[in-house]
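Notes to accompany the following structure.
Just so it is clear, none of the values below were taken in a lab; they were calculated from the coordinates. Please read all numbers here as calculations on a predicted model, not as lab measurements. For neighbour counting, all protein chains shown are included, and Cβ atoms are generated from backbone atoms with ideal geometry for every residue, glycine included.
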């Protein structure tokens, strides 16, 4: 005759791990950096030039990748020439930055864009991307409304406030 094995005592339920109540989750820190120019002029009112993106035709500011051997402001000024034919005086330090979702052929990545103010003195008659993009001067408040990136709109709003000061 076999004896029945005694029943094992029931295991106590595992203690729940203590969790901290964290702030709402934020997107991962951007892996990529871009530089941009915020082109502006003040004739009788503050105006900002926007350019259309090549693929989606959204209103954006001239921006691109940092360039080896060049400062962020110098690279931003070159982007303004290539995308909009703009020449002027660029701020040596960024006036701010914003984060946006950059579309690549097979993925989307978060990019931080450092923005430099560009006081425009003139626009060339021709420039490298003239036939790929539209350029337009907007009253500053309308430029803020025309861009689709909320953080860029907020950066423009801050520029408007600082310009009035």
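Stokes-Einstein at 25 °C, 0.890 mPa s, Kirkwood radius from Cα pairs: D for the stretch 32-164 in µm² s⁻¹?
In µm²/s, the coefficient is 167.
In angstroms, what radius of gyration and Dmax does the stretch 118-165 have, counting Cα atoms only?
Gyration radius and largest Cα-Cα distance of the stretch 118-165: 13.0, 37 Å.
Given R₀ = 25 Å, FRET efficiency for residue 44-residue 132 by Cβ-Cβ distance, to 0.05?
0.20
How do 151, 114 line up, fewest other C-beta atoms within 10 Å first?
Going from least to most buried by this count: 151, 114.
Kirkwood Rh over Cα pairs of the stretch 76-137 into Stokes-Einstein at 10 °C, 1.306 mPa s: D in µm²/s?
This corresponds to a translational diffusion coefficient of 120 µm²/s.
Using the number of other C-beta atoms within 10 angstrom as an exposure proxy, rank 116, 100 with the fewest first.
Ordered by Cβ neighbours within 10 Å, fewest first: 100, 116.
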